[in-house]
1. Looking at (1) charged (D, E, K, R); (2) free of Cβ contacts under 8 Å to residues at least 24 places away in the same chain; (3) farther than 21 Å from Ala1018 by Cβ, find the lone condition where Arg961 falls short.
2. For Glu753, indicate whether it is of a type in the set (Asp, Glu), at pLDDT 95 or above, under 30 Å from Ala714 (Cα atoms) and surrounded by fewer than 18 Cβ atoms within 10 Å (Cβ to Cβ).
3. Going through Ala932, Ala984, Ala956 one at a time, which residue ends up being under 50 Å from the mean Cα position of the chain (by Cα) and of a type in the set (A, V, I, L, M, F, W, C)?
4. Taking the stated definitions as given, is Ala408 hydrophobic (A, V, I, L, M, F, W, C) and over 23 Å from Glu528 (Cα atoms)?
5. Can you go through Ala236, Ala220 and tell me which one is within 29 Å of the chain's Cα centre (by Cα), in the same structural domain as Val375 (by TED's automatic domain parsing), under 23 Å from Pro357 (Cβ atoms) and of a type in the set (A, V, I, L, M, F, W, C)?
6. Condition check: in a helix (DSSP H, G or I) and farther than 23 Å from Leu657 by Cα. Does Glu834 satisfy that?
7. Looking at His547, His476, which is the one that is at pLDDT below 85, under 25 Å from Glu269 (Cα atoms), surrounded by 20 or more Cβ atoms within 10 Å (Cβ to Cβ) and under 31 Å from the mean Cα position of the chain (by Cα)?
Amino acid sequence: MTVLFCDVVGSSALAARIDPEEFTEAIARFYRTTAEVVAAHGGHLGRLVGDGVLVYFGYPAAQENDAECAVRAALGIIDAMAALPVPAGRRLAVRIGISTGLVVVADVADTGDPRNLDIFGETPNLAARLQALAEPGTALLSDSVRRQVGALFEIRDLGLHPIKGWPDPVPVWRVVGVCRSPDRFAARAAGSVLPMLGRSAALDRLLDLWHSARAGQGRAVLVTGEAGIGKSRLVAQLLRDTEGRIPVRYFAAPHQQGMPLQPVLQQLERDGRMHPADGPAQRIEKLRAILPDLSPIDFALVAEQMSLREAGLAAIPPMPPQRRRERLLQAFAEGLATTTRLRPVLMVLEDAHWADPTTRELLALWTRRVPRLRVLAVITARPEFTPAWLDLPGVERLALAPLAEAEAAELVRAIARDVPLPAATTRDILRRADGVPLFLEELTRAVTEQIAQGGSIEGLMPQRTTERASVPVSLHASLLARLDRLGEARQVAEVASVLGREFDAALLAPVLDREAGILAPMLERLVESRVLQQRGEAGGKTYRFSHVLLQDAALSMLPRERYRSLHARVADIIEERFPASAAARPQVVAHHRTEAMQPEQAVAWWQRGAQQAMRRGAMEEALVQLRRGIALLQALPECPAHAQAELDMQLLAGAALLSLRGHSALETGQAYDRARHLAETLPGQPQLRNAMHGQWSHAWMRGHMGLALQRAEALLAQARARESHGGLAIAWSAIGHSQFILGRFPEALESLERGLDHDARTERDRRYGLALQATVISTRCYAAWARSFMGRLEEARRELLATLEAAEAATFPFALANAHYALGRYDYDTGAAEACIARLRTTLALCDEHGIEYLAMAAKAIIGLLLGRRGDHAGGLALIREAVAWNRATEALTFVPNYLGMEAELMARAGDTGSALQRMAEVFALMAESGAQWEKSVLLRQHGEILGRAGRPDAAEAALRDAVATAEAQQAALFRLHAAIPLAALLGRTGRAEAGRTTLDAALAPLAGAAAPVVLRARATLEALQLLP
């Protein structure tokens, strides 16, 4: 609304100088004159305030030019008052303030009389302050008004002024008079179909790409541009101009960003002609008809996404969430590939910037396959959408710019058709629309509709601010005016806007409490006025706002309480009448409950949606929903029920973050910290163990070993208090893992064995089967490594082979990958380089297939070091640096010093000992900071060998002796032997063969019966030393 506040200057002094009756008559003339001017400009006299008036423009009905009319009225009032005679030879002068913005209109006295309505908000307050600031006979404008009408009036900048109630000085403008534009011309419309203007080059390029796609050279093109720039119009023209193709169209929407694959699933429903009344069996039959070539398992995965679970569907075998997600996406991609074998496909995804993460992942998968298919994929998006696949072969970007003035003017003429537009109005449309086709279309339609209804067209131009940033200022008032002229259909549009950009008539009818037959004509009116687009047939009609800006404009017309009550009603109806839809899309109910300010109910639905997304492997979407629910809970009063609900959601968020960001991510730690705090405040401390274990794993992966051990010991105390074998198994495992990284191998082995002993006495809970397997496998691997480090090589190898056998029987991907990695690590530590590389390549294949990134990075680092030792320094360094970069990016710093030591070794082997020594300085600093001492002996050995290559034998000997001593103190016989070999060789080269033999004999003693390659190498070195004096 635009608010004009007008007050008479010096009325008190005038009242003291003239007769009271004359003064009363003078004020009455002021009121009458003001009312006449206001009425002439379409304003509404709101109320009298002493000897002033408050005037509304935009109420009770919005007009496109409310701000302009207010300024013209102000100038008219000033002129009229200057000509108004007053007794005693004086003239009445007024001062005026005008502001535009959102207001609340209410009958606060509850009189039921529309004349008693008042307005509240910042806008009327600012208008009053500007009026007080104005000089007599002048009108001041707020910046919001100036932005809307600046080109129509001569306006003077008065600078910034401090205004009571505003924290910062406010820009103030004075209107001096009306500008007269010399550019006037008449326009007549032509044709019933709007021409494609300013897009011939873009259309020609798309048609060229289509011809290439038909010939088997698939292409993908990202069409970008601001809202309303004409992306959809270009796509529509492309669809009209192409033949012999199968069109596949997807539409993303902002409210569906937390709902995985909604554009794809909705397209399947449209292709299959599925109706809300269809039962599950019918929907499955229709789905089979459009996806006949999918395997039974892939079909079941797709059906599951649509919440279809029937006895006839194939059983989906157990698989990790990531693998399940990847297989589903591959099924969709294969479905598209199959379609292209029938006929060339023109695939369109509109508004990709609103697509959910899973749809974006599917889009990336599609674009990689596009060059090999007969498909042209056209994706439209806002400019901020910059996907990684833009650089792939066969992909290009097509950016749409605003129309040039000549093209924009031609479009205005085409839209207006037989309605003559004054030149000034056309110029205003061109200026305000700024070449954006949608704005041109909407502004012109609003003007022509006003003319058709017999209204005035003088200065019919909108400028209205809005709290919805998605509606541009230059368009908002125009859209409101169009909706205002819909009559009874306006209410339908308002209620429909609550349902979303796309909605089903079957849901709209009960929300409005109207029969479908009564509602149909109003929906037809909305379609005819191009507010809505209709899809589907009788019994299954769906509607879509022709642009999101229209939906937002309709939403903005709803008072807050009406807005909330409508969302509550929608949620009630979905739950009561469409339970299958509620179960399939709990996020929709959660959204409506949230907007209805029903947080407790909303939280339950957000949690259901998150759990559903996690079951489907859509962790990003799950996290979006969990954050929405947690935010609602944290705004509620504290109580046990709210704390329990947040605890459940924080633990789910922790699990999702583990999958997405890893144990070490800051967000993961924060989720578990909050979960522990909540668990400790609740009676019985439910789920405390889960929260504490999450905290421990976070500290352990970040390399905070002292903190990790403290948390593990606290976990042990909690488990002992509960007398839980399961809790004790987890706690002792955590302690053992921490002691291992601290380099306390005998203690670590004892703790890990205790954990395995308690695990053997734990009753299995099928709900946590995979989590328990992961803990047990890791515990067994670390226990075996501790044995191998301590020199118990054969015992360690037997345990690792048994672990691999158990993992293969369990068919749990993480267990299998971890078991293979553990054996590869054993081969690496015992010097079996070729066996290690082969085993770790198997590990990598499993990790790539199932998305186990941190284990893949560990395998790559070791493979890289061994390749470098073969002579492939560049290839080896690339792999090691990839591991370092990934671990640093995820803040998983526990193993970074070890990877940096590997990098330093290869740098030295490549001849860059200076950089290698700098890297080793970084290694020891990080190791001291984290307390991760488990490979300290290895790193000291690498340091010594680098110093030797750098020609510093004394420093090299000192470092190697430190490596031997460190391993001896840690009881790490295997590491001691690794360090003793280069030390003995150095002693032999410097004339101290006897000392070398003594050093190597002592290191070999604990491994006397072993036949590992490193032992054989040590014996060969010893034999060589025997030949030296």
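1. (3)
2. On the way: of a type in the set (Asp, Glu): yes; at pLDDT 95 or above: yes; under 30 Å from Ala714 (Cα atoms): yes; surrounded by fewer than 18 Cβ atoms within 10 Å (Cβ to Cβ): yes.
Criteria met by Glu753.
3. Numbers: Ala984 fails: under 50 Å from the mean Cα position of the chain (by Cα); Ala956 fails: under 50 Å from the mean Cα position of the chain (by Cα).
Among Ala932, Ala984, Ala956, only Ala932 is under 50 Å from the mean Cα position of the chain (by Cα) and of a type in the set (A, V, I, L, M, F, W, C).
4. Working: hydrophobic (A, V, I, L, M, F, W, C): yes; over 23 Å from Glu528 (Cα atoms): yes.
So Ala408 fits the description; yes.
5. Numbers: Ala236 fails: under 23 Å from Pro357 (Cβ atoms).
Criteria check complete, one pass: Ala220.
6. Numbers: in a helix (DSSP H, G or I): yes; farther than 23 Å from Leu657 by Cα: yes.
Yes: the conditions hold for Glu834.
7. Working: His476 fails: under 25 Å from Glu269 (Cα atoms).
From the options His547, His476, the qualifying one is His547.
A quick yes/no check of all residues on (1) at pLDDT below 85; (2) in contact with a strand residue (DSSP E or B) (Cβ under 7 Å, 6 or more places away or on another chain); (3) over 30 Å from Arg245 (Cβ atoms):
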{"residue": "Leu294", "(1), (2), (3)": "no, no, no"}
{"residue": "Ile297", "(1), (2), (3)": "no, no, yes"}
{"residue": "Glu326", "(1), (2), (3)": "no, no, no"}
{"residue": "Phe332", "(1), (2), (3)": "no, no, no"}
{"residue": "Arg343", "(1), (2), (3)": "no, yes, no"}
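The values are calculated or read from the model by the stated rules, or taken from the named source; none is laboratory data. These figures come from a predicted structure and were not determined experimentally. Ideal geometry is used to build each Cβ from the backbone, glycine not excepted, and the neighbour counts take in all protein chains shown.
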